[in-house]
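Presented below is the structure to which this report refers.
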Amino acid sequence: MAGDGGTGRLFGVGVGPGDPELLTVKAARILGQCGVVAHFAARRRRGNAWTTVQALLRPEQIVLRLEYPLTTEPAVRDEYERCIGEFYDGAAEDVAAHLDGGADVAVVCEGDPFFYGSYMHLHHRLCGRYDTEVVPGITSLSAACAAAGTPLVSMRETLTVLPGVLPWEDLAETLAGVDAAVVMKVGRHLDAVRDALSAAGRAGEAIYVERASCSDERVLPVAETDGVDAPYFSLVLVPGRALGRRAERRAGR
């Protein structure tokens, strides 16, 4: 729904997995055109999306920092939902104030805005009030596959995407029946994810990737991650087997 003639436009801009060279041409163009650039960040941190785009911005552009009240620290679920919901309500109104003033606002988001992206929470609150556009970005799972040099799915295989916060029993049950999978946002749940992969019989082929495409990127077999302090931006790839099986048939094995 388009806003009034005097209001600005809202852009949800995916900036990719971290490497500034993976920012799309369209994303760079829109960032250069918007008077306000908003980004999410944890307390006392710069924010990954901001780090990706900072060098592209001009001094006269307004930067709106949207700081989470909490991120990965343990919290009672109901309290977390209340707190994060109030945060997104407030962040949406902060963005709306600039839109109402006639400024176009680009909200930058790691990866793709609609794939576990924080921007979607603002979009849900604002898309009925303002003219909006979403610019897709390269996802972390695409960057992780490239970093690992590992194809993920081929032929008729299906891909299952799972959040690492699921109980390990649920992860194990699901992983046991998939063609291929990605476990997102592993972080402090790495040990439980590794246990789930072992229980599902997929640990031997799984690959751990952290900070894909960034200068401190790391790629390891999941079997070698004991003792790894996994950051929030980490995931596990469980590649499909169809490509390897086809190669074995060609080789006559």
Mean separation of Cα contacts under 8 Å (at least 6 apart) over the residue count of the stretch 1-115, i.e. the relative contact order in percent, is 48
Cβ-based charge dipole, the chain, positive-most Cα from A223, S118, G32: A223
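Once you sort the root eigenvalues of the Cα gyration tensor of the stretch 191-246 as a ≥ b ≥ c, which label holds: rounded (a/c under 1.5), prolate (a/b larger than b/c) or oblate (the other case)? Mind showing how you got there, number by number?
Working: a/c = 2.56, a/b = 1.33, b/c = 1.92.
Cα axes put the stretch 191-246 in the oblate bin.
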For the stretch 109-228, with only Lys/Arg (+1) and Asp/Glu (-1) charged at the beta-carbon, what is the dipole magnitude about the Cα centre, in debye rounded to 20? 260
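Compute the accessible area per residue over the chain, keeping the other protein chains in place, probe 1.4 Å, unit Å². It would help to have the intermediate numbers written out before the result.
Numbers: 12920 Å² over 253 residues.
Using a 1.4 Å probe on heavy atoms only, each residue of the chain averages 51 Å².
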Nearest 20 debye, what's the magnitude of the dipole of the chain about its Cα centre given +1 on Lys and Arg Cβ and -1 on Asp and Glu Cβ? 900
³J(HN,Hα) across the stretch 177-185 via Karplus (A = 6.51, B = -1.76, C = 1.60, θ = phi - 60°), whole Hz, x for Gly/Pro? x, 9, 6, 8, 8, 10, 9, 8, 6
If packing is taken as the average number of other Cβ atoms within 10 Å across a peptide's residues, how do 6-16, 55-65, 90-100 rank, most packed first? 6-16, 90-100, 55-65
Rounded if a/c is under 1.5, else prolate if a/b is larger than b/c, else oblate: which is the stretch 1-111, with a ≥ b ≥ c the root eigenvalues of its Cα gyration tensor? oblate
Looks like the chain, by Cα gyration tensor root eigenvalues a ≥ b ≥ c and the a/c under 1.5 rounded cutoff (else prolate when a/b is bigger than b/c, oblate otherwise), is prolate
Which percent of the accessible heavy-atom area of the chain goes to carbon and sulfur, probe 1.4 angstrom? 51
Ordering of 29-36, 196-203, 233-240 by packing [mean C-beta count within 10 Å, highest first]: 233-240, 196-203, 29-36
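Looking at the stretch 1-116, what % of its DSSP beta bridges pair antiparallel, to the nearest 5?
Working: 1 of 16 bridges.
Around 5 percent of the beta bridges assigned by DSSP in the stretch 1-116 are antiparallel ones.
The values are calculated or read from the model by the stated rules, or taken from the named source; none is laboratory data. Keep in mind that what you see is a predicted model, and the values were worked out from it rather than measured. So basically every Cβ, Gly included, is an ideal-geometry build from the backbone, and we count neighbours across all protein chains shown. Quick note on the areas: whole protein, heavy atoms, side chains included, nothing else; ligands and nucleic acids left out. Shrake-Rupley method; radii C 1.70, N 1.55, O 1.52, S 1.80 Å.
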